[in-house]
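Presented below is the structure to which this report refers.
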Amino acid sequence: MKNVNRFGYLFIAPFWIIFLIFSIYPVALTFYYSFTNYSGSGPAEVVGLANYKRLLTDSYFVEAFFNTWKIWGINFALQIGLALVLALIFSDMRIKMRGLAFFRSIFYLPNLITISSVALLFGILLDWQHGSLNMILLKIGLISEPINWLNEPATAQLSVSLILTWMWFGHSFIVVMAGVSGISKDYYEAALIDGANRWQTFTKITIPLLKPILLYIMITSLIGGLQLFDLPMLLTDGIGSPDGSLNTMVLYLYNQAFKYNNYGYASAVAYGLFIITLIFSAMVFKGMYRNERKPRQV
Amino acid sequence: MKKFLGILMSFILLAGVLAGCSGNSESAGSEKKDKDVDLKIWSFTDELKEPIKKFEEKNGVTVELTIVPIADYPTKLKPVLESGVGAPDVFTGEIAFLKQWVDAGYWENLSGDPYNVEEIKDKYVPYVFDLGKDQDGNVRALSWQTTPGGIFYKRSIAKEVLGTDDPAVVGKMMGSMDDVFQVAEKMKEKGYSMFPDEGSIRWFSHGQNPQPWVSEDGELNLTDEKIEFMDYAKKLRENSYTALAAEWSPSWFEAMDKPIKVKENGKEKETEVFSYVLPTWGLHSVLKTNVKESAGDWAVTNGPSPYFWGGTWLGVYHKSENKELAYDFVKMMTQDDEFLTEWAKETGDVLAYQPVTNKIKDDFSSEFLGGQNNYQFFLEQAKEIEPGIVTKYDQQLDTFYGNAVQQYVDGKKSKKDAIKEFYQKAQNAYPDLKVPKK
């Protein structure tokens, strides 16, 4: 024991104190509240598993679950697709695209804008009667009637997906580029000599070697995507209009807690969300782990 | 030495952490030697800025005003009030959450000593005074304004289409919903839009029969009049009586001052909006701030039925350590002759404090409204207001119902399905409500 210097504990104490007060305590308290009918003020009565029972049969939560997946899924497919295409163009030895740094910052820029500004901007662009998008589409004759983008379930979800793609593809692009630059040029040169075409180098060299990177993007995006809240909150009336199509899980949680004052039930929703996130992250991780264990094919 | 240094460093770090945790409560109370701020006020609008300046000059104190946007206001304020850490001494409440807050007891009981506001009860417009009461009948918050509503319209259009711009005559022409539709038809013939959007008429949906959304024993009450509103809204849409400019949208504001382009059934038409359904504060904080060219061309008159919309109450936080000064501010805002006279003349706000209103109502005239005495008009309307219809559920239920009506007007749902969904949403948000199984 003489060799142990206990002052180390004192040095890490600040972190732990803050962590306990601001992270662990609220998480534990939320867990407790999920078994009560707490209404935000006054006493909380323990009601057992009633909140969780309600959660399992709550059609609005199920709707929110599928909405979240739909919005995130479309966004993720487009985002990763776009990032890969761009990475392919910029890394191609035969095209020798210039200005990578310039484009990288341009693509990343949307990510720096605060989400409320983004919502405001698109709220104006997508305006039914006076929005630029409808104006352009009408002028070039693609549509004959203005489309009420944020008032139709399908277009509202698509709008959110596309805005998210616009915001995030730059981020994915940077990560993918980092992964691509980590791949040895030897492979590509060898492929070039062997007469492989672009598609073959892409699918046989780039994609397999990028797998860990792609999985990383997928997990972070999934966790972020399941917590989708701000855009749906700000774009329409904040309760998931039109027709509940923008009702995401976290928006639902927020409304239950802060608008309807059902703090107890909202806590149960929070834990439901936590479990869902846990399950899907575990599934993705498992996929990654299995891939790592596979014997290398020659 | 090294050891000593280690201990010292650790304690400095720790002290920093602990100070960070308790800093707020200290600065709020005992540690007043720096005397930065005497009074803290929270509100959701900037309208208190001028009164605060006057209050500071008058009393030689420093007041800190925190403005939180209305959408975040309840969520930001509630934890502060619950814990008392960094809480304001005075805070305002909008009518949408007024009922919840007076019952929650965050505001000091003004009926008791040393405030005894019951003594000056007769000086207030009754409904304003009554709305600030909690479930036990104690006054918790006061307001300086009344917020009855009317229809603001453009005089030039009225003259052209209806032959007169006299508010009394125009008001008579809109004495019932059917009359309103007749005026709307005339407007349409000349290429004008009666209202900016279908939601405009929602305040008249109570008709002559205003009922609370939720009765005292917790029953959700969708009156026939409210259901009828769906048909009226649909009729407005189907007959193209509106400019399709949703409330608070950019085109809604734009249409106040000039004709806007509307695309309907593939055709583009230009239309000017005749009237906006707004309450007292709509004049000062909505119309005046958005209208440039047509200022002076407006007038206000009644619709088919009286209504009121919004209102700001304020009171003293029950844990405030400076209650005396806090109440002084409330007093200035709600009972000070000199200040209120000035305030009313400046803003056109219709006051709830009758000694002042009685003094100024006869020779009040608004330049923006072409010299009309809107004061007298609104005071007449205020008499009709029924305070008992405000419940703590109003804001959410109004949103849900507005949604249902929109679905029906857009033709996405039948009337029956829209109402059914409204009931489902209401039940989901408030599991304790008794919702009709229709």
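The values are calculated or read from the model by the stated rules, or taken from the named source; none is laboratory data. Here the structure is a predicted model, which is why all the values come from computation and not from measurement. All Cβ positions, even for glycine, are placed from backbone atoms using ideal geometry, and neighbour counts span all protein chains on display. Ligands, DNA and RNA are excluded from the accessible area calculation, which covers all protein heavy atoms including side chains. Shrake-Rupley method; radii C 1.70, N 1.55, O 1.52, S 1.80 Å.
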For B:Val316, residues with placed amide H under 5 Å, excluding near neighbours: B:Glu108
Mind checking Rg over Rh on the range B:97-168, alpha carbons, Kirkwood formula for Rh? 1.30
Kirkwood-Stokes translational diffusion coefficient of the range B:298-375, alpha-carbon pairs, 37 °C, 0.692 mPa s, µm²/s: 224
Descending Cα extents along the principal axes, the range A:156-248, whole Å: 59, 21, 16
Cleavage-rule hits (trypsin sites (Lys or Arg not before Pro)) in the range B:255-324: DSSP loop, at most 13 neighbouring Cβ within 10 angstrom: B:Lys292
I'd like the residues of the range A:114-163 whose 1.4 Å-probe accessible area shrinks by no less than 20 Å² going from the isolated chain to the full set of protein chains. A:Asp127, A:Trp128, A:Gln129, A:His130, A:Leu138, A:Glu145, A:Pro146, A:Asn151
For the protein assembly as shown, just the Cα atoms, rotate onto the principal axes and tell me the three extents in Å, largest first. 94, 78, 52
Computed about the Cα centre, the charge dipole of chain A from +1 Lys/Arg and -1 Asp/Glu charges at the Cβ has a magnitude in debye, to the nearest 20, of 1300
Which shape class applies to the range A:1-130: rounded if a/c is under 1.5, otherwise prolate when a/b exceeds b/c and oblate if not, where a ≥ b ≥ c are the square roots of the Cα gyration tensor eigenvalues? oblate
Expressed as a fraction of 2.2 N^0.38 Å, the rule-of-thumb size for a compact globular protein of N residues, what is the C-alpha radius of gyration of the range A:180-233? 1.66
Might you work out the accessible area of A:Arg6 for me, using a 1.4 Å probe with all protein chains in place, and round it to the nearest 10 Å²? 140
Cα Rg over Rh - chain A, Kirkwood: 1.06
Chain B, relative contact order [Cα under 8 Å, separation at least 6], %: 22
Quick one: grab the alpha carbon gyration tensor of the range A:81-143, order the square roots of its eigenvalues as a ≥ b ≥ c, and give me rounded if a/c is under 1.5, else prolate or oblate depending on whether a/b is larger than b/c. oblate
Please work out, to two decimal places, the log10 of the ratio I(q)/I(0) at q = 0.11 Å⁻¹ from a Debye calculation in which every Cα of the range B:265-423 carries one identical scatterer. -0.67
Cα pair distances in the range A:69-175, grouped into 5 Å bins until the bin that holds the longest one, percent each: 2, 12, 17, 18, 17, 15, 11, 6, 2, 0
Shielding by other protein chains, A:9-21, mean Cβ within 10 Å: 3
Solvent exposure of chain B as accessible area per residue, Å², 1.4 Å probe: 44
Could you grab the Rg to Rh ratio for the range B:156-298? Cα atoms only, Kirkwood for Rh. 0.99
Select from the range B:338-438 those GluC sites (Glu not before Pro) which occupy a DSSP coil region and have at most 11 other Cβ atoms within 10 Å, ordered by residue number. B:Glu367
222 nm [θ] for the protein assembly as shown, helices only, -39500 (n - 2.57) per DSSP H run of 4+, per residue, to 500? -16500 deg cm²/dmol
Give the accessible surface of the range A:1-105 per residue, rounded to a whole number of Å², with probe radius 1.4 Å and ligands, DNA and RNA excluded. 66
Nearest 0.05, what FRET efficiency do A:Trp16 and A:Ile113 give at R0 = 41 Å with Cβ-Cβ as r? 0.70
Within the P(r) computed for chain B, what percentage of the Cα pairs occupies the region above 43 Å? 21
Debye, to nearest 20: dipole size of the protein assembly as shown, +1 on Lys, Arg Cβ, -1 on Asp, Glu Cβ: 4400
Just name one of B:Thr147, B:Val61, B:Thr92: the one whose Cα is farthest towards the positive end of the charge dipole of the range B:47-174 (beta-carbon charges, Lys/Arg +1, Asp/Glu -1). B:Thr147
Summing both sides, how much accessible area is buried between B and A? Use a 1.4 Å probe and give Å² to the nearest 100. 3200
Sites matching trypsin sites (Lys or Arg not before Pro) across the range B:151-221 that sit in DSSP coil, with at most 13 neighbouring C-beta atoms within 10 Å: B:Lys190
Please name which of B:Pro306, B:Thr289, B:Ser275 has its Cα lying farthest along the dipole of the range B:259-313 towards the positive end, using unit charges on Cβ (Lys, Arg +1; Asp, Glu -1) and the Cα centre as origin. B:Thr289
Of all DSSP beta bridges in the protein assembly as shown, what percent run antiparallel (nearest 5)? 70
Separation of the range B:51-111 and the range A:119-138 by C-alpha centroid, Å? 38
Mean separation of Cα contacts under 8 Å (6+ apart) over length of chain A, as relative contact order %: 28
In what order, largest first, do A:Thr57, B:Thr391 sit by accessible area if the probe radius is 1.4 Å? A:Thr57, B:Thr391
Residue among A:Ala266, B:Leu325, B:Thr391 farthest towards the positive dipole end of the protein assembly as shown, charges placed on Cβ: A:Ala266
